[in-house]
1. For the range 182-208, name all the residues that are surrounded by 16 or more Cβ atoms within 10 Å (Cβ to Cβ) and more than 32 Å from the chain's Cα centre (by Cα).
2. Tally up the residues in the range 299-316 that are under 15 Å from Arg239 (Cβ atoms) and out of contact with any helix residue (DSSP H, G or I) (no Cβ under 7 Å at 6 or more places or on another chain), please.
3. Quick check on this structure: which one of Ala69, Ala54 is more than 21 Å from Lys114 (Cβ to Cβ) and not β-branched (Val, Ile, Thr)?
4. Do any residues in the range 258-277 that are without any contact (Cβ under 8 Å) to a residue 40 or more places away in the chain and over 15 Å from His220 (Cα atoms) have Cβ atoms under 8 Å from those of residues that are in a loop (DSSP other than H, G, I, E, B) and not acidic (Asp, Glu), where the two are at least six apart or on different chains, and which pairs are they?
5. With Ala505, Ala444 as the choices, which residue is surrounded by fewer than 17 Cβ atoms within 10 Å (Cβ to Cβ), in a helix (DSSP H, G or I), within 48 Å of the chain's Cα centre (by Cα) and of a type in the set (Gly, Ala, Ser)?
6. Working only within the range 180-208, note down all residues that are within 20 Å of Ser233 (Cβ to Cβ), in a helix (DSSP H, G or I) and not basic (Lys, Arg).
7. So, in the range 406-436, of the ones that are outside any helix (DSSP H, G or I) and at pLDDT 95 or above, which residue ends up farthest from Tyr468 (Cα to Cα)?
8. If a residue must be among the polar types (S, T, N, Q) and buried (at least 17 other Cβ atoms within 10 Å of the Cβ), how many such residues does the range 302-329 contain?
Amino acid sequence: MNPIFSLPLLLLPASAALPLAGPATTANARALESVAELVAAGRALLAEGRAVDAQVKFEAAVKLDGSLAVRQWLLRSWIAQGRVNDALNEIDGLAKTEKGSALDYLYGMAFAQKAKGYIAEGVSGGIIGMAFGDAVEFLKKATTAEPVLYGDAFAPLAESAWYAQDLETARAAAEKAVALDAKSADSWALLGRIAFSQYQGFQSDPTRVPDADKSWTAAHDAFTKAHALYAASTEPSARTKGAESSTQIGWLYVWKKQTGEGAKRFAAAIAIDPSATDYGQLRGSLGDEAFVTCLEDAAKQYETSNGKETTGDATLLWWLGFARYAAKQYEGAEAAFTRAVAKAPDFANSWYYVALARYFRQDYDGAIAGFRTHYGISKEDAAASLRANQDENLRILDYMVGMKAGKAANLDAAFLSELQTLMAPDVHRYWNNLGLFLRDEGEARERRNRDVTAEQHKEIQDLYERSYVAYLKSLELSPDDPNYLNDAALMLHYHFDRELDQARAWYVKAAEMAEKELARKDLDKDVRPLREIALRDAKNNLRDLDKIIEAKKKAKEGAGTPPQ
């Protein structure tokens, strides 16, 4: 029969009792006392989460006593370090000759750890449920047989049973866990989650209202206790876990339809750790108005605790900006977004919302400046943000293009059109608009500066080149459009004086296509004036171009043929 260990003393069965006298007897007694001390020290280290240090103690104990009663703790330290498969191989080997609660304990702890590992790795399917189910089966037997010796198994049993939806077993095990270690914040938080699950199940059954109320109170008390313990802890993870406990209390109040009280708890949680909150879920549950209030409260609490200069609240401020924007509090939204992006430059899409907040306040120049800032940080991010609400944003940009067109604001109009090409690159109208405004700007600069410097000339030519590229794109998307044909041709004709044969071909085609469309009885009334302009301009431009081509031809002939 193997001896059974219980902290802090080693207990031996009567059949293994040692004589009390003699040198050999004293040595054996000291060895056994040393084993007990090593196991006790190792288990204390395990309780502190120091599994590697605990393993050292257990290895020393096993050298003195290789029985299962001692070896189980060495394997337990492996499990705590994640060496689950190694431990299971050893346990399977032991099971060939051994039986009893020690094996139940080891199997249960190993399967509980394995199931949690599956979750961490993103494994899906029934294998997780099977692992948790096996953990429940073995740990129930172990803790029933040895509730003190295997007291550390109650929390894994509770968690495994919770995942396995055996809430009655989970609740009893969690209550035992906190009874054995009332200072374990994790155990109190686990009890809170289990009681919360029970409340959710009971509250849908009118006959279980008293049980639902009791479970709600138990969950509230457990989370409150956990929050206090986490707040007093110096562990690195305690801050986030404390915020989670406060968040869970908030959800308890939301389930009770006490949204205002829930919002206060959420605010307290966010102020502790702004990065640990699912803001989208929170918004969906609270609604826009309560969401704004919650985040404003959280921002004040965080700033009071941490000061204005920290960057830990950047995510909170971004969501505050979004909440205010959704609630049409545009000035406040801009203030929150600009603070967020100042603290976290990666939050570049803050400028998208700043631009829209200004637009809805009729600050159109400010809106364009916001879009420009976003574009300057990341063209791709600017396009992605605009595409998120494409139809409305295209209308907004159309409106501002219309405002800027013809008001000596060609570059603003061109920039807005470029945004539209990023959003909808297959729409030829946006490319044509981009070409038009860039060309208009180049022509306006030429008119203002008859004697341009070399640098100014280069800038103007750059505008024309960009214009031509945009015109070509519009023509690629709509190759028979007479207006686009004429626009592309005139760039070669008037601004570049190159590829004149191509320009002529485009003028000819523009006139032909315009005449063809104007002959239609069903031509849209808004399109007809455009085609009339295209026909007129194409013919006039063609006539001028032919004169140039003829003049160039005569000049070439007059120059003669150079000698070979």
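1. Phe202, Gln203, Arg208
2. Number satisfying all stated conditions: 2.
3. Selected residue: Ala69, the only one of Ala69, Ala54 that is more than 21 Å from Lys114 (Cβ to Cβ) and not β-branched (Val, Ile, Thr).
4. Final answer for the pair search is Thr259/Gly287.
5. The unique qualifying residue is Ala444.
6. Leu180, Ala185, Asp186, Ser187, Trp188, Ala189, Leu190, Leu191, Gly192
7. Let us first name the residues in the range 406-436 that are outside any helix (DSSP H, G or I), namely 406-409, 424-427.
Adding the requirement that they be at pLDDT 95 or above leaves 424-427.
Values: Ala424: 19, Pro425: 16, Asp426: 17, Val427: 17 Å.
Once the filter is applied, the top-ranked residue is Ala424.
8. 2
The values are calculated or read from the model by the stated rules, or taken from the named source; none is laboratory data. Everything numeric here is computed off the predicted structure, so don't read it as measured data. When we count neighbours, we look across all protein chains shown, and the Cβ atoms used for this are built from the backbone with ideal geometry, even at glycine.
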